[in-house]
Every structure is written in C-alpha cells, then in structure tokens.
Amino acid sequence: MSDFMIPVIMGSASLVCGGIFFIYLWKKFKRGLPTLIFFFVMPIMMVCGIVGYYAGKAIALLYQIPALLTTMAVSFGLLFLLYRRLFRSLNPETAGLFAAASEIASTARQTAATANEQATTVAEVATTVAEITQTSASASKAAQEMMSSASQALEKGRRGVAAIEEVSGILDLIQQVGDIVEIVNDISDQSNLLAVNASIEAAKAGEHGRGFSVVATEVRRLAEQSKQNAQRIRAAIQKSEQGKRAIETARGAVQDLAAVLDETLDRARQISATTAQQTAGISQISEAMSSVAESGRHSAAASKQLEEASAGLQNTAVKIKGYILGS
Amino acid sequence: MNEDRMRRNEEDVLDRRARELAETAKGAEEGGAFATITVVAVGAVQLGLPVESLKEIVPRTAVTPLPGLPPWISGIAQIRGVVIAVVHLGRWLGLAGLDAGPFFAVIAGPAGPLALEIDAVSGLRSVKAGEIAADLGTLEVKVPGLVRAATKDLVMILDPQVLLASEDVLMDSGTAIGRKR
C-alpha cells in the first residue's frame, strides 16, 4: 500500500466511524446539545487531523495532488451532505428556540409589568399605612390627652365632693344653730310674757310702779327684738336649708360626674391601649409592605435581566437560523 | 369699739326710759285716762283686759276637760299649784271655730280666778278718754255689760267682773266653773 492511500483510507475510515457515531448519538440524545457539539467538533477535528497530516505530507503529496484533491473532494462532499442533513434537522429546533425565547421575553415583560404594578400598589399601600400610622399616633396622643384631662377633672370632682362635704358639715352646724335659735325664741317669748306681767304688776302699783313699768316695757322691747332677730336667723336658716338641698343635689351631680369621669378615664385607657396595639400592628404591616416592595423591586430587576437574557437568546436563535438558512 | 357701742346703747336706753317716765307722769298730771288695759288677741279680735282685774298671763298648760260642761268651758288647768277653770273666750263670745290659744289670761274676782284662753298678747296700753268710741253698735248682743267700751282702733275693753258674775261660768259654790245654758 502506498503512502498516498494511507490517509485516504484513514480519512475515509474516520468519516465512516464519525458518521456511525453521529447516528448513534443522534438517536441516543434525541438530537440534543451533545450531539450538536460532537457533530461540530468532530468534523473540525477530523478536518484538522487530515489537514495537518496532509500538511506534513505536502511536499510528498505534490505529486499526489490529483489523488489528494479527489480524497478531499470526496471528504468535503460527505461533510456537506452531513452538514446539510444536520442543519435541516436543526431548523425546526431553532424555530422552537426562537419561539420559546420570544415567549420567555413576553413572559418576562409581563412579569416586569406586574412587578411594576405591584410596586406601585405597594407604594400606595405603604403611603396609606403611613397615613394610618400618623392617624393612629394622633389618636393615641388624643387618648393620652383625654386621659390626662379626665384624670384632672376627676381629681377636681373629688375635691369638689370634699368641699361639698365640708359645706354640708357647716350647714349641719347651721341647723344646730337653728335649734339654739328656737331656744332663744322661747326665751324671748317667756321674757315678753314676763315683761307683760311685770307691766301689769307695775300698773297695779300705780304711781309707785311707774319706774318699774318703764323697765318692764324696756325688757319687753328687748324680748321683741330678740324674737325678731331670732326670726331673721330662722329665715336665714330656712334659706340655708334650701342651700343644703341644693348642695345635696350638687353633691349627687358631682358624684355622678365623678363616676362618668372615672368611666371616661377607663375608656381612654382602653383606647390608648388599643391604639398602641394598632400602632404596633400597623408598624408590622409597614415593615411587611417594605419587604414586599423590596421583593417587587428584586422581581422587577430579575424580570428585566430575564427579558434581556431572553432577548439575547432570541438574537442568538435568529443568528443560528440565519446561519442555517444561509447554508 | 364694742365698748363704745354698748355705752351708747345704754345711754339710749336710759334716755328712752327717762322720756317714757316723763310721758307717763305728764299723762297722769293731764288726767283723762280711761283705763290701763292689757291688749290681747282672740282670733282676729283685739280685746282689752283692765290690769286691775288681770292677775297674770301665763303660757298654756295642760287642760283637763270635764264632762257635761258647755263648749266654751275648756276644762280645768293647774296654774302655780291652783286648779282653776279655763274658759275659751272666743267660743264664749260666739267666735266659733277657734283653736285652743297658746296663753292663759288669769283674771281674779270675788268668785275666784278664771283662766281665759287667748291667742296673743300685744302689751299694756293706757287708753285715754278721747280714744273711746261713742257708740258700741251691735257689740252688746251677747252678754250685756261685758264689753265695757271700744276704742276707735277697735279694741274691745271687757269688764271681767261681768264675766265672772255670769251664770255661764258660775257654779253653786260660787267658784267659776260654768254651767249649761
């Protein structure tokens, strides 16, 4: 066998083995990426091997050019047939890849749009939550102020009740004075009667009783003055009885007011506690909204990256399709 | 301050006494005094009881009713240890419907003391002759001579002796106790 035939045989054997291996891989991997890589690499390696081999043998092959050309023609012819078959089989795959990339890009755009809408909604919710937080804080402050006011009013009401108790005690003393005035009134009545009797006796004494009669008249006048003053005091005491009734009414009203204020204070405490819980809950909601917003931003960024990646994939698919169609 | 005020009051009282004493002496010198009476009230009626017949005026005490007596005899009461008859002056004078008075005017007479129920005591009054009304009108309808005179301001001056001598308040022993008409 001459040197000319060895590479021809080896190249042909390589091509045959490569073709057999290609068919095996083609069926094994269902036209997958390994097959594609193998099919691109192997022929290149084969060609490189053949070309390298023949480069070394170039000089020796000068005289064998016709045979070499024939071998190369046969080899390239086989390669052309193989590539043609491959590209034809890849054409639908490329179209599917393009469609998938388009669909991914569309989905990424929709995802990005949804993320943007979500971010907008979250921003609105965050604003609303901030307003609610402010309102809750105002309500809490108002409840605190109401508690303070109610507490002060309750304290004043208690002081008012104490003052009314003192006034009531004074009025009780006035009532005791009224009893004393009754005694004074009785004494003045008796003095009056005594003076009348003294006047009678003085009148009976005639001229000798004139001086005594004057004294008796004076006593009687004093008794009448005492009685009048006692009546004035009694009238004043009667007015004080009206005042006592008014004070009793006021005491009841102030006690009722104190009870209402006490209840108001309890309600204000409840409002304050509820508002504090509400503020804490709103704060948690705000934090959750911030997390959701951050997630939305990440999602939008990821969607953007996905969209860019799918666009790149789409371009790649277009280029591959161009290559295939161009072949 | 209070001492000055008390001294001024004391001086006022003494001055007033001196003036009243002088007025009394002047009236006695001028004459014309009709009677010295104690003005009492029975209901709305002002009555004058001459001081000569009036023993005293005392607060009302418990009255024990006696059976079979006329309505103007309230009963008997104990005054300073003495049991005396009590006459409701208003009822006896025909002023029906009057309640028991808070005072007794005790009058003295030959038949013994008698307590008259009265409502109020106005005080002593020295009635001048010029104050007496000329005509008594219809005041004499019930007991002749009981109303001795009437002043122009409608104070009826009674004669207690006529009351004590009335058969309405006399019993057989001469003690004022009353009997039915």
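The values are calculated or read from the model by the stated rules, or taken from the named source; none is laboratory data. Nothing here was measured: the structure is a model prediction, and the numbers come from that model. Glycine gets a Cβ as well: all are built from the backbone with ideal geometry, and neighbour counts include every protein chain shown. Surface areas here come from the heavy atoms of the whole protein model, side chains and all, with no ligands, DNA or RNA. Shrake-Rupley method; radii C 1.70, N 1.55, O 1.52, S 1.80 Å.
Give just the number: which of (1) open to solvent by 60 Å² or more (accessible area, probe 1.4 Å); (2) at pLDDT 75 or above does residue A:53 not satisfy?
(2)
Would you mind stating whether residue A:261 is in contact with a Ser or Thr (Cβ under 9 Å, 6 or more places away or on another chain) and either more than 14 Å from chain B (Cβ to nearest Cβ) or basic (Lys, Arg) (or both)?
yes
I'd like the residue in the stretch A:274-291 that is open to solvent by 50 Å² or more (accessible area, probe 1.4 Å) and of a type in the set (Val, Ile, Thr) and, out of all such residues, is farthest from the chain's Cα centre (by Cα).
A:274
Listed residues A:237, A:271, A:247; which is surrounded by 14 or more Cβ atoms within 10 Å (Cβ to Cβ) and over 23 Å from residue A:164 (Cα atoms)?
The conditions single out A:271.
Answer yes or no as to whether residue B:92 is at pLDDT below 90, within 17 Å of residue B:157 (Cβ to Cβ) and not basic (Lys, Arg).
yes
Scanning the stretch A:190-210 for residues that are open to solvent by 40 Å² or more (accessible area, probe 1.4 Å) and more than 8 Å from every other protein chain (Cβ to nearest Cβ), which turns out farthest from residue B:38 (Cα to Cα)?
Selected residue: A:208.
When you look at residue A:226, is it surrounded by 13 or more Cβ atoms within 10 Å (Cβ to Cβ), at pLDDT below 85 and in a helix (DSSP H, G or I), yes or no?
No; evaluated as a whole, the condition is false for this residue.
Filter the stretch A:300-327 for residues that are among the small types (Gly, Ala, Ser) and surrounded by fewer than 18 Cβ atoms within 10 Å (Cβ to Cβ) and give the result.
A:301, A:302, A:309, A:311, A:312, A:322, A:326, A:327
Of the residues A:151, A:213, which is at the interface with chain B (Cβ under 10 Å from one of its Cβ atoms), polar (S, T, N, Q) and open to solvent by 30 Å² or more (accessible area, probe 1.4 Å)?
On inspection, the qualifying residue turns out to be A:213.
Test residue A:233 against the criterion of being farther than 30 Å from residue B:107 by Cα and touching a Gly at 6+ places or on another chain (Cβ under 7 Å), and give yes or no.
no
What are the residues in the stretch B:97-120 that are under 13 Å from residue B:38 (Cβ atoms), buried (at least 23 other Cβ atoms within 10 Å of the Cβ) and out of contact with any Pro (no Cβ under 7 Å at 6 or more places or on another chain), if any?
B:104, B:105, B:116, B:118
Restricted to the stretch B:48-96, and to residues that are within 13 Å of the chain's Cα centre (by Cα) and either of a type in the set (Asp, Glu) or away from chain A (no Cβ under 14 Å) (or both), which residue is surrounded by the most Cβ atoms within 10 Å (Cβ to Cβ)?
B:87
State yes or no: is residue A:74 touching a residue at least 40 places away in the same chain (Cβ under 8 Å), touching a helix residue (DSSP H, G or I) at 6+ places or on another chain (Cβ under 6 Å), surrounded by 12 or more Cβ atoms within 10 Å (Cβ to Cβ) and aliphatic (A, V, I, L, M)?
Spelling it out, it is not the case that residue A:74 is touching a residue at least 40 places away in the same chain (Cβ under 8 Å), touching a helix residue (DSSP H, G or I) at 6+ places or on another chain (Cβ under 6 Å), surrounded by 12 or more Cβ atoms within 10 Å (Cβ to Cβ) and aliphatic (A, V, I, L, M).
If you take the residues in the stretch A:178-189 that are surrounded by fewer than 16 Cβ atoms within 10 Å (Cβ to Cβ) and either of a type in the set (Asp, Glu) or in contact (Cβ under 8 Å) with a residue 60 or more places away in the chain (or both), which one is farthest from the other protein chains (Cβ to nearest Cβ)?
Residue satisfying both the conditions and the ranking: A:179.
Can you pull out every residue in the stretch B:90-130 that is acidic (Asp, Glu) and in contact with a strand residue (DSSP E or B) (Cβ under 7 Å, 6 or more places away or on another chain)?
Hits for the stretch B:90-130 are B:117, B:119.
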